[in-house]
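First up is the structure itself, then whatever we jot down about it.
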Amino acid sequence: MYIPVAILLLLLLVPRAQASTRARLAPWHAVFGLSVFFMAILSAETGLVEKFIFLGLHRSQEALIVNFTGLLVLIFAVSVGLTVLLPTA
């Protein structure tokens, strides 16, 4: 699994790669980038939930801050995902 990713990144970074090769591999680059991004978002959301549960936050000011931060992270992730996936005009 790591070898194709390494080849993909190498071909995208090499300036002498043919334009057709780069164009063919660009969607895969976007998919792998989005998967890494969404795994980071999941990690952040999991950390917020863990903090919420282990500190026993219920109807306090800190609970509202944690919930609002979680919503902002989620809205950011959705906006980035839509920006990458939707075609440009």
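The values are calculated or read from the model by the stated rules, or taken from the named source; none is laboratory data. Predicted, not measured: the structure shown is a model, and the values here were computed from it. All Cβ positions, glycine included, derive from the backbone under ideal geometry; neighbour counts span all protein chains shown. What goes into the accessible areas is simple: the full protein's heavy atoms, side chains included, and nothing from ligands, DNA or RNA. Shrake-Rupley method; radii C 1.70, N 1.55, O 1.52, S 1.80 Å.
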- Note on the structure: Going through (1) among the polar types (S, T, N, Q); (2) exposed (fewer than 14 other Cβ atoms within 10 Å of the Cβ); (3) assigned to a helix (DSSP H, G or I) one by one, Thr88 fails only at (3)
- In the set Phe52, Phe68, the lone residue that is free of Cβ contacts under 8 Å to residues at least 24 places away in the same chain, surrounded by 11 or more Cβ atoms within 10 Å (Cβ to Cβ) and aromatic (Phe, Trp, Tyr) is Phe52
- Query: So which residues in region 35-85 are of a type outside the set (Lys, Arg) and not in a helix (DSSP H, G or I), if there are any at all?
  - Reply: Leu55, Gly56, Leu57, His58, Ser60
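Does Thr83 satisfy the criteria of being without any contact (Cβ under 8 Å) to a residue 12 or more places away in the chain and touching a helix residue (DSSP H, G or I) at 6+ places or on another chain (Cβ under 7 Å)? Steps first, answer last, please.
Working: without any contact (Cβ under 8 Å) to a residue 12 or more places away in the chain: yes; touching a helix residue (DSSP H, G or I) at 6+ places or on another chain (Cβ under 7 Å): no.
The answer is no for Thr83.
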- Query: Which pairs have Cβ atoms under 9 Å, sit 6 or more apart or on different chains, and link a residue in region 31-49 that is under 19 Å from Phe68 (Cβ atoms) to one that is assigned to a helix (DSSP H, G or I) and open to solvent by 60 Å² or more (accessible area, probe 1.4 Å)?
  - Reply: Ile41/Leu74; Ile41/Phe76; Glu45/Leu74; Leu48/Asn67
